[in-house]
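*Asks:* The structure that follows is given in the form of structure tokens.
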Amino acid sequence: MTATNDKKDDIILEFKDITKTFPGVTALDHVSFSVKRGTVHALVGENGAGKSTLMKILNGLYHADSGEIYLDGRKIQIKDSIQARQYGIAMVHQELNVVGELSIAENIFLGKEPVNKLKFIDQQKLYKESAEFLKQQNLSYNPRTKMKKLSVGEQQMIEIIKTVFFNSKIIIMDEPTSSLSEGEVNKLFNKIKELKNAGATIIYISHRLEEIDEICDYLTIMRDGMFIKSARVGEITRDEIISSMVGRSIENTYPKTASNIGGVVLEVKNLSNNKVRDISFAARRGEILGFAGLVGAGRTEVARAIFGLDPIQAGGIYLNGRQVHIKNTRDAVDNGIMMVSEDRRKYGLVTKRSVLENISLPNYNLYSKSPFVNHQAEVKRGQEICEKLQIKTPSLKTAASSLSGGNQQKIVIGKWLVSNPKVFILDEPTRGIDVGAKCEIYKLMCEFAAEGISIIMISSDLPELIGMVDRVYVMNEGKISGELNREEITQERIMRLATK
């Protein structure tokens, strides 16, 4: 089945019976579909559906075990990413491949630097051509600025325009908005439209179905390494997309259950540092308490201060009515305060280490009262956590890097459950995971609340907050600008408080 019924001349890319296996796993199972020239074609599916594996084959990072790829009707063999570039194929990865210590110009030219007669890099030409190119792209960056000085959104924009610089005709974008602010997303979408109007074909991997409605022309759904269906955007409903992705109907996206909310567990009084001012709030036993606000409002900074990552200059933190002094994360954990960071790969996981090691890392004091670790107790607790959170892994010895985003997030949550948290801070807990895994995380949150844990949920996804929280505090410019009870929460009220 192909993505469209259009004429063959309109097809720029075709996959035929692509199969790829890894030890014990069939990542792609005879995948076949086509992509129409000059369109934005979404590739959707749960984590582990095979989307990124297929795109890495197209970009030469993996090699298919069998099957064929056709570009402009001609069968091609892609040995590596250099050859993919020669075919006009480029990939912008979710984890950006930038060299922070190099300048914007050096990153743009990376691998294709101009040289002089002596075979040295022609620095003058490199910066001159980069400046001209940036101007053509309506970007006002200084080409000598180091990449590490740019925001994630700005770095991503440089990665995207690099594909233009190399005259790419097929551009793969893997979860391009996962770390962007709303303003940066708008800039990205405008750039995608420019690229499409200039004749480029975009393959767009995303879990955010609302983005697909806005920016994409066609979509292909994958599940368990197999092609499920292709369709024009607008000719398939969101419910049909979700049920095709997960193989079942998800009738309740936000499975919020009635909470038996108890007394105040955590109280923060007049907390201030150089990032937030005069923060006061209370979180109750069994409550899911939301924090909303625009990017830069200070939500994460409040969480970091409570968890001991940032210093507190004024104010106090109280647990069950008793003031606690938190100078570092060990103090927070010892007092039953745990935090899942918004960037699980950077702050939550050691991806090269096993599932068991990641679960155990902050908890070895529980398994050892001597110089030796009680490995039997460690394994038993690791198995209990995997069963409780339904972490899908071949074994406890499997490297965390090989698991899907949703299962990685469960590992980060699981490592803190070992220490029996009283307060659980979840910062963007469903970022970068698919709709099925999101539902599983929501259900876990409800289970934790039912067990009496006080949950603080920070999210930029307003429907998610509205669907899951009992109360919400809204922040604006480092301060709390308002509080809404569950029956009062609407997107309009949140945005009014976030921008006042």
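*Asks:* Which of the residues that make up the stretch 266-295 are assigned to a loop (DSSP other than H, G, I, E, B), touching a residue at least 60 places away in the same chain (Cβ under 8 Å) and either over 28 Å from the mean Cα position of the chain (by Cα) or closer than 24 Å to Glu488 by Cα (or both)? Steps first, please.
*Replies:* Just the residues of the stretch 266-295 that are assigned to a loop (DSSP other than H, G, I, E, B), to begin with: 273-278, 285-287, 293-295.
Next cut, touching a residue at least 60 places away in the same chain (Cβ under 8 Å) only: 275-278, 285-287, 293-295.
Arg277, Asp278, Arg285, Gly286, Glu287, Gly293, Leu294, Val295, listed by residue number.
*Asks:* Moving on to the next point. What is the residue count in the stretch 481-496 for residues that are over 22 Å from Ala258 (Cα atoms) and over 26 Å from the mean Cα position of the chain (by Cα)?
*Replies:* So the answer is 4.
*Asks:* Here is a follow-up. Among (1) of a type outside the set (Gly, Ala, Ser); (2) more than 23 Å from the chain's Cα centre (by Cα); (3) loosely packed, with under 14 Cβ neighbours inside 10 Å; (4) within 22 Å of Met445 (Cβ to Cβ), there is one condition Lys380 misses while meeting the rest; what is its number?
*Replies:* Going through (1) of a type outside the set (Gly, Ala, Ser); (2) more than 23 Å from the chain's Cα centre (by Cα); (3) loosely packed, with under 14 Cβ neighbours inside 10 Å; (4) within 22 Å of Met445 (Cβ to Cβ) one by one, Lys380 breaks only (4).
*Asks:* Could you check, for the stretch 138-159, whether at least one of its residues is touching a residue at least 40 places away in the same chain (Cβ under 8 Å), assigned by TED's automatic domain parsing to the domain that holds Ile104 and aromatic (Phe, Trp, Tyr)?
*Replies:* As a first pass, look at the stretch 138-159 and keep what is touching a residue at least 40 places away in the same chain (Cβ under 8 Å): 143-148, 150, 152, 155-156, 158-159.
Checking the rest, the ones that are also assigned by TED's automatic domain parsing to the domain that holds Ile104 come to 143-148, 150, 152, 155-156, 158-159.
Then drop every residue that is not aromatic (Phe, Trp, Tyr), which leaves none.
No, because not a single residue in the stretch 138-159 is touching a residue at least 40 places away in the same chain (Cβ under 8 Å), assigned by TED's automatic domain parsing to the domain that holds Ile104 and aromatic (Phe, Trp, Tyr).
*Asks:* Would a scan of the stretch 323-336 turn up a residue that is surrounded by fewer than 20 Cβ atoms within 10 Å (Cβ to Cβ), more than 27 Å from the chain's Cα centre (by Cα) and hydroxyl-bearing (Ser, Thr, Tyr)?
*Replies:* No: the stretch 323-336 contains no residue that is surrounded by fewer than 20 Cβ atoms within 10 Å (Cβ to Cβ), more than 27 Å from the chain's Cα centre (by Cα) and hydroxyl-bearing (Ser, Thr, Tyr).
*Asks:* Give Pro463, Pro421, Pro429 a once-over and let me know the one that is touching a residue at least 12 places away in the same chain (Cβ under 8 Å) and either of a type in the set (Gly, Ala, Ser) or within 22 Å of Ser52 (Cα to Cα) (or both).
*Replies:* Working: Pro463 fails: either of a type in the set (Gly, Ala, Ser) or within 22 Å of Ser52 (Cα to Cα) (or both); Pro421 fails: either of a type in the set (Gly, Ala, Ser) or within 22 Å of Ser52 (Cα to Cα) (or both).
The match here is Pro429.
*Asks:* Among the residues of the stretch 80-102, which ones are in contact (Cβ under 8 Å) with a residue 60 or more places away in the chain and either closer than 21 Å to Thr351 by Cβ or touching a Gly at 6+ places or on another chain (Cβ under 6 Å) (or both)?
*Replies:* Met91, Val92, His93, Gln94, Glu95, Leu96, Asn97, Val98
*Asks:* Would the stretch 43-66 turn up any residue that is in a loop (DSSP other than H, G, I, E, B), farther than 18 Å from Ile241 by Cα, basic (Lys, Arg) and in the same structural domain as Ile205 (by TED's automatic domain parsing)?
*Replies:* Narrowing the stretch 43-66 to residues in a loop (DSSP other than H, G, I, E, B): 45-50, 59-65.
When the remaining residues are screened for being farther than 18 Å from Ile241 by Cα, the result is 59-65.
Then drop every residue that is not basic (Lys, Arg), which leaves none.
For the stretch 43-66, residues in a loop (DSSP other than H, G, I, E, B), farther than 18 Å from Ile241 by Cα, basic (Lys, Arg) and in the same structural domain as Ile205 (by TED's automatic domain parsing): absent.
*Asks:* Also, I was wondering about something else. Consider Ser272 carefully, then state whether it is surrounded by 13 or more Cβ atoms within 10 Å (Cβ to Cβ) and outside the structural domain of Gly452 (by TED's automatic domain parsing).
*Replies:* Numbers: surrounded by 13 or more Cβ atoms within 10 Å (Cβ to Cβ): yes; outside the structural domain of Gly452 (by TED's automatic domain parsing): no.
It is false that Ser272 is surrounded by 13 or more Cβ atoms within 10 Å (Cβ to Cβ) and outside the structural domain of Gly452 (by TED's automatic domain parsing).
*Asks:* What are the residues in the stretch 472-500 that are free of Cβ contacts under 8 Å to residues at least 24 places away in the same chain and either surrounded by fewer than 13 Cβ atoms within 10 Å (Cβ to Cβ) or charged (D, E, K, R) (or both), if any?
*Replies:* Correct list: Asn485, Arg486, Glu487, Glu488, Glu492, Arg493, Arg496.
*Asks:* Within the stretch 411-435, track down each residue that is at pLDDT 85 or above, within 20 Å of Ser460 (Cα to Cα) and either in a loop (DSSP other than H, G, I, E, B) or out of contact with any strand residue (DSSP E or B) (no Cβ under 9 Å at 6 or more places or on another chain) (or both).
*Replies:* Residues satisfying the conditions are Glu428, Pro429, Thr430.
*Asks:* Can you pull out the residues in the stretch 79-128 that are under 24 Å from Ser34 (Cβ atoms), more than 28 Å from the chain's Cα centre (by Cα) and in a loop (DSSP other than H, G, I, E, B)?
*Replies:* Lys79, Tyr87
*Asks:* While we're here: Across the stretch 477-493, what is the total count of residues that are of a type in the set (A, V, I, L, M) and part of a strand (DSSP E or B)?
*Replies:* As a first pass, look at the stretch 477-493 and keep what is of a type in the set (A, V, I, L, M): 480, 484, 489.
With the extra rule that they be part of a strand (DSSP E or B), the set shrinks to 480, 484.
Result for the stretch 477-493: 2.
*Asks:* What residue, of Cys446, Cys439, is touching a Ser or Thr at 6+ places or on another chain (Cβ under 8 Å), at pLDDT 90 or above and within 30 Å of Val44 (Cβ to Cβ)?
*Replies:* Values: Cys439 fails: at pLDDT 90 or above.
After applying the criteria, what remains is Cys446.
*Asks:* Take the residues in the stretch 421-436 that are in contact with a Gly (Cβ under 7 Å, 6 or more places away or on another chain) and either closer than 13 Å to Asn363 by Cα or basic (Lys, Arg) (or both), then tell me which one is surrounded by the most Cβ atoms within 10 Å (Cβ to Cβ). Before the answer, list the steps.
*Replies:* Pass one, the stretch 421-436, residues in contact with a Gly (Cβ under 7 Å, 6 or more places away or on another chain): 421-423, 432-434.
Remaining after also requiring either closer than 13 Å to Asn363 by Cα or basic (Lys, Arg) (or both): 421-422.
Working: Pro421: 22, Lys422: 18.
Applying the filter and picking the extreme gives Pro421.
*Asks:* Spot the failing condition for Cys216; the list is (1) out of contact with any strand residue (DSSP E or B) (no Cβ under 6 Å at 6 or more places or on another chain); (2) crowded, with 18+ Cβ neighbours inside 10 Å; (3) closer than 30 Å to Ser243 by Cα, and only one is missed.
*Replies:* All conditions pass for Cys216, except number (1).
*Asks:* Which members of the stretch 201-216 meet the condition of being in contact with a Cys (Cβ under 9 Å, 6 or more places away or on another chain) and within 21 Å of Asn167 (Cα to Cα)? Reasoning before the result, please.
*Replies:* Taking the stretch 201-216 first, the residues in contact with a Cys (Cβ under 9 Å, 6 or more places away or on another chain) are 202, 204, 206.
Scanning the stretch 201-216 gives Ile202, Tyr204.
The values are calculated or read from the model by the stated rules, or taken from the named source; none is laboratory data. Nothing here was measured: the structure is a model prediction, and the numbers come from that model. Neighbour counts are summed over all protein chains in view; Cβ atoms, including those assigned to glycine, are modelled from backbone coordinates with ideal geometry.
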